Amino acid sequence: MAKRTVTLIPGDGIGPECTDATKKIIEAAGVQIEWEVRHAGESVFKAGVASGVPRDTMDSIKKTRLVLKGPLGTPIGHGEKSANVTLRKLYETYANIRPVREFPGVTTPYSGRGIDLVVVRENVEDLYAGIEYMQTPGVAETLKLISRKGSEKIVRMAFEFARSEGRKKVHVATKANIMKFSEGMMKRTLEDVAKEYPDIQSEHIIVDNCAHQLVKKPEQFDVICMTNMNGDILSDLTSALVGGLGFAPSANLGNEVAIFEAVHGSAPKYAGKNVINPTAVLLSGVAMLRYMGEFEAASKIENAVMVTLESGCITRDILGDAKGVPTTKYTDTVIANLGKKSSKWKVREYKAIKMPNVDLRQDFVSAASRKTVGVDLFIESAKKPEVLGPSVEKLIEGSSVSLKMIDSRGTKVYPATGAITDNTDAFRCRFMAKSGEFTDAQLFDVVSRVAKEHKWTHIEKLHEFDGKLSYTKAQGED
Ligand code: NAP
């Protein structure tokens, strides 16, 4: 069989030790891979490449479409963005898959309960798009953008992933009860898409209850799909349930490129000391083999890991300095155990994953009807609402728009409702057309009138799509 080429990024700190061990074990399992070694992270930042990802690494990934990556450090004072996040975003690896299962010899308060679940986390949208602004010197803003297309890709991925691993149930955990549009997008997507997967059960769960249930009864979960930040937080929680970062692999899957890496970072204090646990990177490599269709070799390695751990050959992160074995001894033992199976610790049967097929159109969702009904103009003002409100009313006197309300951080403060609020200097003024559609001419008129006395910071148009309000009301707004 022809050798498949894989871009190997050894990474920083403990990265090279982890990837060396993984490479050695994969080769010993008989898989022929041409490793194209490329760099990213600390050394690259220090060489002056602001993104942390140099051109020749990008060229290699464009060619191989497959990456095994050690952790990358973000040195303080270099680069604004993490090279890890840059890599995930550059190749639209929209799904972050983080499996956790119980391992032999790794004792936790949950041992014996058979935890075996997968977090499928959206990887490129949500608050982690990092679109941030200071509205005023004292009020910060992050945009939480969730698209229907992005939600559909990740929800379909969760179902497809469940099928490929013979799993039975997908939970979608969201905060749709509060963020009805953004988090609600994923909930509505689940309701639509689930019908196409009648062989898999599905259920929506509110994400805070999901956190509670994960600590109380984690074994009830099979696949949990979440938006980016929720998935980030809860997948760290799930890693801790089975013994921590040394056992937490991950895959970043996109339609074009797949990047396999451990969840953990470069743990620089352990670099070169031959003490770290390479299992997370190794199991990321195992997931890569399955992605490549190398099911037999993948299971052979996973079984060898089970036998090795069951025999007590475990690194110091679990057994401590006195009993933990060196990284190289652990690696050699896994190699010696290739071909052996534990009678107690089973490995799943896997099928090739069918990557979700989602329409590539940019205007993925179009409304049959649309109307702009108003505008929210955000302003900076140190005035109290009872002074600010009349001043804004006066500025728009004689125009064709009305001031519906002013709020502070989502709570209506003008006209007064009797609420007791501690306001900041960032306010939102909601203007509506007195009749008909709110035109751009009205918008420019309102902005120029208000700007005569107040600093405005940003504008949001208020739409009705398909006859439905496409903006939320403030707390206390009628
Ligand atoms: P970290 O590197 O994950 O290390 C945190 C702690 O986890 C270590 O001190 C160690 O715990 C334990 N640990 C992690 N991996 C281990 C392994 N393979 N074997 C044994 N123990 C392991 O997190 P950090 O210290 O916050 O971050 C260090 C650097 O990594 C930063 O520059 C950060 O930006 C980067 N980072 C990269 C990635 C990535 O590449 N995907 C992810 C996270 C962080 P004890 O101290 O308890 O022994």
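Numbers below:
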| read-out | value |
| --- | --- |
| Number of positions in segment 14-24 that are crowded, with 20+ Cβ neighbours inside 10 Å and in contact with a Ser or Thr (Cβ under 9 Å, 6 or more places away or on another chain) | 6 |
| Residue that is nearest to the chain's Cα centre (by Cα) [pool: residues in segment 380-428 that are of a type in the set (Val, Ile, Thr), under 19 Å from GLY476 (Cβ atoms) and assigned to a strand (DSSP E or B)] | THR411 |
| Matching residues in segment 396-412 - criterion: being touching a residue at least 12 places away in the same chain (Cβ under 8 Å) and either within 15 Å of LYS452 (Cβ to Cβ) or not charged (D, E, K, R) (or both) | ILE396, SER399, SER400, VAL401, SER402, LEU403, MET405, ILE406, SER408, GLY410, THR411 |
| Set VAL124, VAL120: member being crowded, with 17+ Cβ neighbours inside 10 Å, outside any helix (DSSP H, G or I) and at pLDDT 95 or above | VAL120 |
| Flag if ASN230 is in a helix (DSSP H, G or I), more than 16 Å from the ligand (Cβ to nearest atom), polar (S, T, N, Q) and under 29 Å from LEU145 (Cβ atoms) | yes |
| Odd one out for ASP222 among (1) touching an Asp or Glu at 6+ places or on another chain (Cβ under 7 Å); (2) away from the ligand (no atom under 16 Å from the Cβ) | (1) |
| Of residues in segment 269-308 being part of a loop (DSSP other than H, G, I, E, B) and in contact with a Pro (Cβ under 7 Å, 6 or more places away or on another chain), the one nearest to the ligand (Cβ to nearest atom) | VAL275 |
| Total residues in segment 325-368, condition among the polar types (S, T, N, Q) and either touching a Gly at 6+ places or on another chain (Cβ under 6 Å) or not in a loop (DSSP other than H, G, I, E, B) (or both) | 4 |
| Those residues of segment 249-263 which are within 15 Å of the chain's Cα centre (by Cα) and not in a strand (DSSP E or B), in sequence order | GLY254, VAL263 |
| Residues satisfying the stated conditions in segment 92-117, i.e. part of a loop (DSSP other than H, G, I, E, B) and under 30 Å from SER60 (Cα atoms) | GLU92, THR93, TYR94 |
| Subset of segment 235-268 [more than 16 Å from PHE103 (Cβ to Cβ), crowded, with 21+ Cβ neighbours inside 10 Å, more than 9 Å from the ligand (Cβ to nearest atom) and not small (Gly, Ala, Ser)] | ASN252, LEU253, ILE259, PHE260 |
| Filter result for LYS384 (among the charged types (D, E, K, R), out of contact with any Pro (no Cβ under 8 Å at 6 or more places or on another chain) and within 16 Å of the ligand (Cβ to nearest atom)) | no |
| Among the candidates LYS89, LYS81, residue that is in a helix (DSSP H, G or I), of a type in the set (D, E, K, R) and within 16 Å of the ligand (Cβ to nearest atom) | LYS89 |
| Residues of segment 324-341 that turn out to be out of contact with any helix residue (DSSP H, G or I) (no Cβ under 8 Å at 6 or more places or on another chain) and basic (Lys, Arg), as a count | 1 |
| Flag for GLU27 being outside any helix (DSSP H, G or I), more than 12 Å from the ligand (Cβ to nearest atom) and either surrounded by fewer than 20 Cβ atoms within 10 Å (Cβ to Cβ) or under 25 Å from the mean Cα position of the chain (by Cα) (or both) | no |
| Residues satisfying the stated conditions in segment 33-56, i.e. in contact with a Lys or Arg (Cβ under 7 Å, 6 or more places away or on another chain) and either within 24 Å of ALA248 (Cβ to Cβ) or within 13 Å of the ligand (Cβ to nearest atom) (or both) | ILE33, TRP35 |
| Qualifying residue in segment 215-223 (condition: under 25 Å from GLY105 (Cβ atoms), basic (Lys, Arg), surrounded by 18 or more Cβ atoms within 10 Å (Cβ to Cβ) and modelled with pLDDT of 95 or more) | no |
| Residue in segment 2-24 that is nearest to the ligand (Cβ to nearest atom), counting only those that are in contact with a strand residue (DSSP E or B) (Cβ under 7 Å, 6 or more places away or on another chain) and among the hydrophobic types (A, V, I, L, M, F, W, C) | CYS18 |
| Unique residue being farther than 29 Å from LEU127 by Cα and at pLDDT 95 or above when the list is ARG167, ARG188 | ARG167 |
| Only listed residue being in contact with a helix residue (DSSP H, G or I) (Cβ under 6 Å, 6 or more places away or on another chain), in contact (Cβ under 8 Å) with a residue 60 or more places away in the chain and within 12 Å of the ligand (Cβ to nearest atom), chosen from ARG121, ARG98, ARG113 | ARG98 |
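Table: residues versus (1) surrounded by 18 or more Cβ atoms within 10 Å (Cβ to Cβ); (2) in contact (Cβ under 8 Å) with a residue 12 or more places away in the chain.
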site: CYS313; (1), (2): yes, yes
site: ALA322; (1), (2): no, no
site: VAL325; (1), (2): yes, yes
site: TYR330; (1), (2): yes, yes
site: THR333; (1), (2): yes, yes
site: LYS340; (1), (2): no, yes
site: GLU349; (1), (2): no, yes
site: LYS354; (1), (2): no, yes
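The values are calculated or read from the model by the stated rules, or taken from the named source; none is laboratory data. Note that the structure is predicted; figures quoted are calculated from it, not measured. Methodologically, a virtual Cβ is constructed for each residue, glycine included, from the backbone with ideal geometry; neighbour enumeration extends over all protein chains shown.
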